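Accompanying notes for the structure given below.
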Amino acid sequence: LPAAGPGINYYRLPFDLPNARLWDPKTPWLYQAQVVLLDHTGQPVDTFTRQFGMRSFVMDEDGDPKGKFYLNGREIRLRGANTMGFEQLDVMNANWDRLIDDILLAKICNLNFLRLTQRPVQEEVYDFCDRLGLMTQTDLPLFGVIRRNQFVEAVRQAGEMEKLVRSHPCNVLVSFINEPFPNAGGKPHRHLTKPEMQGFFEAAIQAVHIANPDRVIKPVDGDYDPPSPGLPDNHCYTGWYNGHGLDIGKLHKGYWQKVKPGWMYGCGEFGAEGLDPVDTMRKYYPPEWLPRPGEDERKWSPNRIPQAQTGRFHYLWFDTQDTLEDWVYASQNHQARVVRLMAEAFRRDNRMNSFAVHLFIDAWPSGWMKSIMDVDRNPKQAYFAYLDTLNPLIANLRTDRTSFTAGEQICVEAWVCNDTDECPKDALLCYSVERNCKVILAQCTPANIVSCSSSFQGFLRFKAPEVEKREHLVIRLGLVDSSGRTVHDTYIQIEVFPSTGPAQSTVNILSSRNGPALQLAKTLGLRTRRLQSEKPEAVMLIDDVSDYLRKKNLVDKAVADGATALFLELPEGKHMILGREIEVRSCGMGERHFVSRKTGHPLVADFKPDDFAFWYDSRLDRIAPILSSVVLGNELEPILIAGNGDWNSSEWIPCAAVAEFAHGKGRVRLCQLRLSGFVDCNPVARIFGLRLVQSWPTRRE
């Protein structure tokens with residue numbers, strides 16, 4: 001070797017390791033390099049050891065599509081979770097048993113990697129991931145923007161980060177920035193612009209590859225300023241920040257955000273908030289955050305918990321709750337539903353190469369309640385939903401409709417999702433339909449399993465049985481191998497309602513051309529006629545405010561004499577309706593998939609909590625939003641409610657989605673809920689629509 005000079009000297013000593021045992025998550029074989037520094041007399045001056053593993057991890061940038069991952073020459077999909085400090089606390093406290101348990105909890109959950117979100121971590125974390133076989137992605141601690149005067153330092157730190165992780169076989173990816181903002185975050189005089197950011201990526205890639213030529217790099221995680229080099233990645237919280245990234249119904253249908261054509265892609269963050277368990281709250285939270293002894297818990301809100309979002313955003317997804325325990329259950333139940341729905345959609349998408357739920361374990365009590373385990377490692381419902389969805393080989397059922405009327409054709413998609421490069425031979429898909437715990441349909445068919453891919457198996461079709469009252473059916477699907485062992489099974493519930501038949505009444509219409517009023521009347525089977533000067537019908541359907549104003553005297557007198565005026569989907573703004581000022585205001589944070597029936601109003605008292613959620617739109621052939629605006633006014637009696645606010649609102653205000661008020665002997669109903677397009681294929685929507693136009697009691701009656 002050449003003689004060492006002053007300062008740092010770098011030596012490369014290539015050597016062969018014949019028949020090396022390869023590192024992978026199932027068999028994390030490790031080796032140890034030992035170096036002894038001798039002085040000129042041959043005496044040892046210093047020694048150093050380093051563990052390492054032999055493996056290859058590459059991203060194909062020449063195939064079609066680009067961006068497939070290969071571990072030791074075998075295609076692999078990355079399925080994981082974000083972390084934000086729990087593992088670092090394990091090291092800080094020298095709690096090695098807990099660090100081991102935390103990594104094993106991830107593997108039990110079927111995760112194969114952790115995204116060490118927006119920071120490198122202590123080397124001990126990588127050491128234990130090496131030994132236990134859990135892959136990692138390490139991020140440079142950059143968020144949104146880079147200060148112009150920090151360009152060189154950021155490049156230097158990218159190289160230093162690689163030196164930290166390069167000997168660890170667990171670390172398969174590095175990333176440079178989380179969620180870059182367009183137009184330098186609105187401050188191009190302070191931060192790198194888009195072209196300059198591209199230059200940073202090129203320089204940082206070179207710095208990393210000088211330290212490790214084999215490193216796979218995903219420059220951006222959560223790209224808000226696309227396109228960026230390499231694998232596209234978009235964050236998506238559509239089941240919490242309502243419609244974030246894309247509509248949740250479109251995601252469930254198989255859509256994704258716009259990305260570079262010809263590439264695989266990733267979703268580095270997704271999820272929803274689930275409050276900590278009650279015992280955890282009582283153990284750690286200050287008393288002023290929680291209901292006080294003897295306090296009416298109906299007056300308590302999660303808004304008392306600093307940084308908690310459930311108090312505001314629950315209006316987007318589920319009812320306001322009455323007790324602390326109910327809040328915890330409802331929020332965790334929604335979190336589990338969203339995690340399952342999104343992860344299953346990702347599994348069915350063959351271009352979704354990498355995804356990670358946000359987060360895995362909370363580092364602190366009340367720290368970041370999107371985690372699927374609390375600070376004491378208590379699993380929330382979402383942990384088990386994610387565990388099931390991340391089985392490497394799963395059977396999966398998908399449908400946009402979950403409720404039918406007796407006699408309708410039920411159609412459900414069957415899938416097999418395979419994250420491995422192995423295909424069990426002679427496997428069967430076995431399915432059944434149960435009614436009242438009795439099997440009414442059962443069959444098996446050969447499964448078509450494709451390596452490292454998801455494959456549509458066909459439709460499960462059958463006729464909804466005749467029922468006298470609302471019932472639910474259970475549809476089960478199981479993947480069975482050649483020995484008869486169930487590899488994975490799943491189920492969904494479908495509800496069947498009795499047939500209501502067509503409505504026979506006649507209504508007056510004041511509607512714009514083919515507007516919501518006319519569409520609702522047609523779908524419900526109502527006889528319609530235009531409102532003339534003669535005696536009006538008992539019910540008038542109105543969506544044209546200008547037409548109402550032209551015939552205001554006739555409408556107002558009819559209502560005063562006992563008729564019902566139903567106003568449908570009024571435009572935004574202020575309107576004078578039967579002497580009252582009514583304001584229609586757009587929904588903050590976008591169109592809604594849920595409204596609450598928890599008002600005590602007789603029209604909706606017998607409906608279930610999720611009846612007005614995730615309706616199927618026959619025109620779009622998918623789940624679609626049902627509310628885009630709310631109605632406000634004095635002395636309105638709410639029938640359905642939705643909270644309104646925006647991202648910056650500290651508290652949201654309950655507002656009516658559907659309301660009524662009395663006028664003389666009659667009543668006025670204001671319905672901003674979308675019914676046209678839904679009443680023909682959602683039994684709840686049809687029942688509710690019929691009640692609105694029929695003589696149904698009000699609270700005052």
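The values are calculated or read from the model by the stated rules, or taken from the named source; none is laboratory data. Here the structure is a predicted model, which means the values were calculated and not measured. So basically every Cβ, Gly included, is an ideal-geometry build from the backbone, and we count neighbours across all protein chains shown. For accessibility, only protein heavy atoms count, side chains too; no ligands or nucleic acids. Shrake-Rupley method; radii C 1.70, N 1.55, O 1.52, S 1.80 Å.
Considering only DSSP beta bridges where both residues belong to the chain, give the percentage that are antiparallel (nearest 5).
Numbers: 88 of 136 bridges.
Taking every DSSP beta bridge with both residues in the chain, the antiparallel ones total about 65 percent.
Using a 7 Å offset from the Cα along the Cα-to-Cβ direction at both Ala560 and Lys574, what is the distance between the two label points in nm, to one decimal? That separation, rounded to one decimal, is 2.4 nm. Taken over the C-alpha atoms, the chain has Rg and Dmax values of 29.8, 118 angstrom. Under 20 Å of direct C-alpha separation, and excluding same-chain neighbours fewer than eight residues apart, Lys535 reaches these lysines: Lys551, Lys552, Lys557, Lys665.
With both bridge residues required to lie in the stretch 1-106, what share of the DSSP beta bridges run antiparallel, to the nearest 5%? If you can, show how the numbers build up before the last one.
Numbers: 16 of 17 bridges.
That works out to approximately 95 percent antiparallel.
Report the gain in length on full extension from Asn72 to Gln34: 0.36 nm times residue separation, minus Cα-Cα distance, nm rounded to one decimal.
Values: separation 38, 0.36 × 38 = 13.68 nm, distance 2.50 nm.
Taking 0.36 nm per residue and subtracting the Cα distance, the gain is 11.2 nm.
Distances between placed amide hydrogens fall under 5 Å for Leu670 paired with Phe567, Ala659, Glu660, all partners being 5 or more residues away or on another chain. Of the peptides 75-85, 547-557, the ranking by mean beta-carbon count within 10 Å, highest at the top, reads 75-85, 547-557. Surface composition of the chain: carbon plus sulfur atoms contribute 52% of the solvent-accessible area (1.4 Å probe, protein chains only, all chains present).
Pop the C-beta distance of Gln504 and His244 into the FRET formula with R0 = 45 Å and round what comes out to the nearest 0.05. For R0 = 45 Å, the calculated efficiency reads 0.50.
Sorted by mean Cβ packing within 10 Å, highest first, what order do the peptides 611-620, 328-337, 579-588 take?
Working: 611-620: 19.8, 328-337: 22.2, 579-588: 16.4.
Ranking, from highest mean packing down: 328-337, 611-620, 579-588.
Scaled against 2.2 N^0.38 Å for its residue count N, the alpha carbon radius of gyration of the stretch 414-464 is 1.35. Accessible surface area normalised per residue over the chain is 44 Å², counting heavy atoms of protein chains with a 1.4 Å rolling probe. PRE reach from Glu471 (point 7 Å along Cα→Cβ): which of the stretch 479-504 fall under 13 Å by backbone N? Answer for the stretch 479-504: 494-499. The modelled label-to-label distance for the pair Phe143/Lys253, using points 7 Å beyond Cα in the direction of Cβ, is 3.5 nm.
Cβ-Cβ distance of Ala4 and Arg166, R₀ of 35 Å, FRET efficiency by 1/(1 + (r/R0)^6): the value works out to about 0.95.
The protection proxy used here, the mean number of other Cβ atoms lying within 10 Å of each residue, ranks peptides 44-50, 298-304, 121-127 as follows, highest first: 121-127, 298-304, 44-50. In the stretch 473-513, which residues have a backbone nitrogen under 19 Å from the label point lying 7 Å from Glu534's Cα in the Cα-to-Cβ direction? Backbone N within reach: 505-510. Cross-link partners of Lys608 among lysines, defined as those whose alpha carbon lies under 20 angstrom from its own and excluding same-chain residues fewer than eight positions apart: Lys469, Lys598.
Anything over 32 Å Cα to Cα? Flag those among Lys163/Lys250; Lys463/Lys522; Lys299/Lys370, in the order listed. As for pairs spanning more than 32 Å Cα to Cα, those are Lys163/Lys250. Computed extension length for Asp326-Leu441: 37.7 nm, one decimal, from 0.36 nm per residue of separation with the Cα-Cα distance subtracted. The label point for Arg292 and the one for Asn378, both projected 7 Å from the Cα toward the Cβ, are 2.4 nm apart. Take the convex hull of the alpha carbons in the stretch 295-420; its mean projected area over all directions comes to 10.5 nm².
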